[in-house]
Each structure stands twice: as C-alpha cells, then as structure tokens.
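Colleague: Take this structure, written in structure tokens, and hold onto it; I'll ask about it next.
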Amino acid sequence: MALAVPALAALVADPLLSLVDTAFVGRLGRVELAALGVDTALFGMAFAVCNFLAFVTTPMVSQSLGRGDRAGASRVVNQAIVTAIGLGMVGVVVFWTASGALVGMMQASAEVTAPAVEYLRIRALAFPAALLNLASHGIYRGYQDTRTPMWVSVGVNAFNAALDPVLIFGLGWGLAGAGWATVTAQWLGAGCFFLLLSRRASIEGWSIRGTRWGDLLRFWGMGAVLALRTLFLVMTLTLSVAAAARVGTVEVAAHQIMVGVWALCSFTLDSMAIAGQALVGEQAGRGDVADAHQVTVRLLGWGLVMGVVIAGLLLASGPWLGGVFTDDRAVAEAVRGVVPQAALMQPLGALVFVADGIFMAVLAVRLLAASTGAGLAAAAAVLWVSDAAGGGLPGVWWAILAMIIARSCVFAWGGRRGLGRWVRGGKR
C-alpha cells in the first residue's frame, strides 16, 4: 500500500490533466471538443506505444536490485534515458510533418480537421519531455520510490490546470491555448526529473558512458515486444474513436469525455499493478516464488474490490457526468447512454490490469502482447458488427468490453501454470 497509494496519486494526475483540458475546451464548443478527442487518441497511441520506457525499466531495475546488482540498475537507467531522448526527437518530426495525414486517418469531419491539426503540431513540441517523464516514473518505481514521481506529477498537473484558463480564455487562444499549457507543463516536469535524477546520479555514480550496446539491444528487444503489445491496445481504442467519429460529431465528443473518465478509472486500478511490478520484480530477482505468489493473490483481491467500488461510483454519477464537461445537451445525453457499459467492465478490468502488472514484473512480454492482440481482434469484430447494425456509440463501448473479456481469457490461460517459471527466470 505504501507503493500503491502514491502511485495512484501520480497515475490519476495524468488523466486528470486530460479531463481538465476536456472541461475547459468543452466550453469552447463541440467542434473544439471533437478536435481534442481526435488528437488525444493520436497522442494516446504514441505515448502508449512508448510506455515500455516505464514498463521495461521498472522490472529491470527492481530485478537488478533484488539480485544486489546496483551497477546493473544504473545501466538500465541510462538505457531508458537514452531511448527516451531518441524517440522523443523522432516523435516531434513525425507529428509536425505528418499532422494533416494523421488527422485525416482518424476520419474526422472537415470542420474538425483544421483545429485538430493546429493542436497536434503544438502538442508535438512536448513529446520529448513526455517520454523523459515516462522513463523517470519507471526508474523511481523500480527503486520502490513512488512518492517522488507523485509530487512531480501533482505539481505539473496543478500548473497545467492554472495555466489553461489563462491561455484558453484570458489570452483568447482557444484550443491552441490548451496545447501550449500542456507543452509548458510537460517540460516543467522533465526539468524537475532532470534535477532529481542528476542528484541521485552524483550519489550513486551513474554515468551515461556506462551505457553498452549489448544492454541497449536487450532493452530495445524487450521494449519492441511491449510496444507491439501496447500498439494492439491503442489500436483498439483508436478504432473506437474512428467508429465514434463515423457516427457523428456529437458522438465523438461524448466518446472523448467517456474515454477520459475511463482512463481515470483504469489508472486508478493500475496503482496496484505498479506495486506489483516493483514488489514481484524484486522477488523475481531473488527467485522467491512463495512471496511472489502471496503478493499476487493479495493484489488481485484488492484490485477486484476497487473495481466494484469504481463501478458503483460510475453508475451513481451517470445522470450528471456529461454536464460536468460540456454545456451541449446532446453530448451530455450521449455520455449518459454509455455509462452503464463503462461501469460493467470495471470489476473484470481491475483483474486484467493487476494481472498485466504482475506479468510485466516477471517480463512475460510475449504473453502480454498476446493478450492485447486477442483484445484487438475481439473489439474489431464487435465494431464491424456494430457498424453494420447501426449500433452507434453504445456499440463502440460494447467493443471495448469485448477487449477486456478477451484479455482476461488469455491471462487465465497463461497463468494456469503459475508464476514460478517466470520468477525463477528473473533470478538469472
């Protein structure tokens, strides 16, 4: 719990930043809200594919520490930072030069395209900072310190929330103002992590010269499989946004609101997964099967309880949830129509998210990729049927539920032989 509670605060801070942007932009109108929804899906795809910067870093650092290899942990830190800087620069170039094509890929309406392209180019400038922040979270989690990234995340999001109304309404920059507020906040966070990690490096003797090509290739190999795993997941969510966009502007605006709320719920549940990554990762480094199993059972139990509670809160908030983010009655009513489906998936989703963290801790990367691949296939099938039957926005959310069910089936199959073989592998 000492790991999970601060991790929860850090995880919730990021979707809260998105929800704050959504609430402010929603006051500008449905076109701007729809444009934000399209761009959020694109950035979500890019950031999620790069999530291996945290997902690989945390267990590799914790396993090294479990073996008593602090020099090995520092090498993982170097690998994560070098990779984050390189990918960040590539991301800026891609988002800036291909902004029109990327927005067009989302099949947005003509009125949404121009503001979406402008916002996308502005947000691209924050991509290197966002990846450095992501890697830094993974580093600190591996050292079983979730408080430091919590304070950085809370400070960054508070700064963004304060800057949003000034730039959006005070200076009259509209949607572009929301983009510049996020860029400024992300670079502030990267600067804070740079100072904190520099101090730790001077104490523990880290050096970028300690990075070896063999280590980088292993890091990238793990990262490539996890990037594929995350790509499948984000493709599922991106297909859902595209399906909502085909239905209409009202539906894609409502979908943006519900995706933000769903992300908040998911990150809340992921706090247990992060605790599992750090604890089970360390136990894998020691080869301690019994303790790893005990922590796994406890985390799954707490995750299920949290999932049930979140489902109840969603159902209770259904009648007024949409009105928090927009004054458009049509959009608010569309949100109300899909709240029951979002609530229904929470208990099972909680078990899936916690299992995801456990298998991440022991670097069972192929199983993780298989689970999201199955989820993509299931969601795509439901979306195809929904499009043909005119299922509208509810059909989109049935597809997301199908993804959760498919992932749970793969995890149940993969875990039938227990964690022992992966935990013993971590000791090596």
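The values are calculated or read from the model by the stated rules, or taken from the named source; none is laboratory data. The model shown is predicted, which means the values in this text are computed figures rather than measured ones. We place every Cβ from the backbone using ideal geometry, glycine too, and count neighbours over all the protein chains shown. What goes into the accessible areas is simple: the full protein's heavy atoms, side chains included, and nothing from ligands, DNA or RNA. Shrake-Rupley method; radii C 1.70, N 1.55, O 1.52, S 1.80 Å.
Colleague: Looking only at region 385-394, which residues are in a helix (DSSP H, G or I), touching a helix residue (DSSP H, G or I) at 6+ places or on another chain (Cβ under 9 Å) and either among the polar types (S, T, N, Q) or surrounded by fewer than 20 Cβ atoms within 10 Å (Cβ to Cβ) (or both)?
Modeller: Of everything in region 385-394, those that are in a helix (DSSP H, G or I), touching a helix residue (DSSP H, G or I) at 6+ places or on another chain (Cβ under 9 Å) and either among the polar types (S, T, N, Q) or surrounded by fewer than 20 Cβ atoms within 10 Å (Cβ to Cβ) (or both) turn out to be 385, 386, 387, 389, 392, 394.
Colleague: Are any of the residues in region 113-132 of a type outside the set (Ser, Thr, Tyr), at pLDDT 85 or above, closer than 16 Å to residue 79 by Cα and open to solvent by 20 Å² or more (accessible area, probe 1.4 Å)?
Modeller: Yes, some residue in region 113-132 is of a type outside the set (Ser, Thr, Tyr), at pLDDT 85 or above, closer than 16 Å to residue 79 by Cα and open to solvent by 20 Å² or more (accessible area, probe 1.4 Å).
Colleague: Further question on the same structure: Please find, within region 291-305, the residue that is least open to solvent (accessible area, probe 1.4 Å) out of those that are within 21 Å of the chain's Cα centre (by Cα) and of a type in the set (A, V, I, L, M, F, W, C).
Modeller: Once the filter is applied, the top-ranked residue is 299.
Colleague: Identify the residue in region 273-290 that is open to solvent by 20 Å² or more (accessible area, probe 1.4 Å) and either part of a helix (DSSP H, G or I) or among the charged types (D, E, K, R) (or both) and, among all such residues, is modelled with the highest pLDDT. Step through it out loud before you land on a result.
Modeller: Initial filter on region 273-290 (open to solvent by 20 Å² or more (accessible area, probe 1.4 Å)): 279, 282, 286-290.
This time we only want the ones that are either part of a helix (DSSP H, G or I) or among the charged types (D, E, K, R) (or both), so: 279, 282, 286, 288-290.
Numbers: 279: 80, 282: 77, 286: 72, 288: 69, 289: 73, 290: 76.
Looking at the filtered set, the residue picked out is 279.
Colleague: From 368, 348, which residue is under 26 Å from residue 3 (Cα atoms), touching a helix residue (DSSP H, G or I) at 6+ places or on another chain (Cβ under 9 Å), open to solvent by less than 10 Å² (accessible area, probe 1.4 Å) and in a helix (DSSP H, G or I)? So that I can check it myself, show each step before the final result.
Modeller: On the way: 348 fails: open to solvent by less than 10 Å² (accessible area, probe 1.4 Å).
The match here is 368.
Colleague: Find all pairs meeting these conditions: Cβ atoms under 7 angstrom apart; at least six residues apart or on different chains; first residue within region 307-325 and assigned to a helix (DSSP H, G or I); second residue among the hydroxyl-bearing types (Ser, Thr, Tyr) and open to solvent by less than 20 Å² (accessible area, probe 1.4 Å).
Modeller: From region 307-325, the pairs are 325/22.
Colleague: If a residue has to be closer than 25 Å to residue 142 by Cβ, of a type outside the set (A, V, I, L, M) and in contact with a Phe, Trp or Tyr (Cβ under 8 Å, 6 or more places away or on another chain) to count, how many in region 80-107 make the cut?
Modeller: Residues flagged as closer than 25 Å to residue 142 by Cβ, of a type outside the set (A, V, I, L, M) and in contact with a Phe, Trp or Tyr (Cβ under 8 Å, 6 or more places away or on another chain) within region 80-107 amount to 3.
Colleague: From 377, 342, grab the single residue that is open to solvent by 20 Å² or more (accessible area, probe 1.4 Å), assigned to a helix (DSSP H, G or I) and modelled with pLDDT of 85 or more. If you could, list the steps in order and put the result at the bottom.
Modeller: Values: 342 fails: open to solvent by 20 Å² or more (accessible area, probe 1.4 Å).
Exactly one residue qualifies, and that residue is 377.
Colleague: Let me ask something else. Filter region 157-170 down to the residues that are within 18 Å of residue 137 (Cα to Cα) and modelled with pLDDT of 85 or more and list them by number.
Modeller: Those that are within 18 Å of residue 137 (Cα to Cα) and modelled with pLDDT of 85 or more: none in region 157-170.
Colleague: Okay, next question. I'm checking my understanding of the structure. Among residues of region 239-251 that are buried (at least 22 other Cβ atoms within 10 Å of the Cβ) and within 20 Å of the chain's Cα centre (by Cα), which one is farthest from residue 402 (Cα to Cα)?
Modeller: The selected residue is 241.
Colleague: Residue 355 passes all but one of (1) buried (at least 16 other Cβ atoms within 10 Å of the Cβ); (2) over 30 Å from residue 66 (Cβ atoms); (3) modelled with pLDDT of 85 or more; (4) out of contact with any Lys or Arg (no Cβ under 8 Å at 6 or more places or on another chain); which number fails?
Modeller: The number of the failed condition is (2).
Colleague: Out of all the residues in region 133-156, is one or more buried (at least 21 other Cβ atoms within 10 Å of the Cβ) and farther than 26 Å from residue 82 by Cβ? Show your work before the answer.
Modeller: If we filter region 133-156 for residues that are buried (at least 21 other Cβ atoms within 10 Å of the Cβ), which is where we start, we get 133-142, 146, 148-150, 152-153, 156.
Restricting the remaining residues to those that are farther than 26 Å from residue 82 by Cβ gives none.
Within region 133-156, not a single residue is buried (at least 21 other Cβ atoms within 10 Å of the Cβ) and farther than 26 Å from residue 82 by Cβ.
Colleague: While we're on this one: Looking at region 35-68 only, could you name the residues that are among the β-branched types (Val, Ile, Thr) and open to solvent by 10 Å² or more (accessible area, probe 1.4 Å)?
Modeller: We begin by selecting, within region 35-68, every residue among the β-branched types (Val, Ile, Thr); these are 38, 40, 49, 56-58, 61.
Listed by number, the residues that qualify are 40, 49.
Colleague: Within region 160-203, can you find the residues that are surrounded by fewer than 17 Cβ atoms within 10 Å (Cβ to Cβ) and of a type in the set (S, T, N, Q)?
Modeller: 198, 202
Colleague: Right, next: Under 9 Å between Cβ atoms, at least 6 apart or on separate chains: pull out the pairs that start in region 210-228 with a residue that is part of a helix (DSSP H, G or I) and end on any residue that is loosely packed, with under 15 Cβ neighbours inside 10 Å and at pLDDT 80 or above.
Modeller: As it stands, the answer is 225/366, since those pairs meet every condition given.
Colleague: Considering only residues that are over 29 Å from residue 352 (Cβ atoms) and in contact with a Lys or Arg (Cβ under 9 Å, 6 or more places away or on another chain), look in region 306-330 and name the one that is least open to solvent (accessible area, probe 1.4 Å). Working first, answer last.
Modeller: Within region 306-330, the subset over 29 Å from residue 352 (Cβ atoms) is 323, 326-330.
Checking which are in contact with a Lys or Arg (Cβ under 9 Å, 6 or more places away or on another chain) leaves us with 323, 326-328, 330.
Values: 323: 43, 326: 9, 327: 116, 328: 33, 330: 47 Å².
Applying the filter and picking the extreme gives 326.
Per-residue answers, yes or no, for (1) in contact with a Gly (Cβ under 6 Å, 6 or more places away or on another chain); (2) under 30 Å from residue 337 (Cβ atoms):
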| residue | (1), (2) |
| --- | --- |
| 231 | no, yes |
| 238 | no, yes |
| 241 | no, yes |
| 247 | yes, yes |
| 256 | yes, yes |
| 259 | no, yes |
| 265 | no, yes |
| 279 | no, no |
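Colleague: Identify, please: which residue in region 69-106 is open to solvent by 60 Å² or more (accessible area, probe 1.4 Å) and over 24 Å from residue 198 (Cβ atoms) and is, among those, modelled with the lowest pLDDT?
Modeller: That would be 105.
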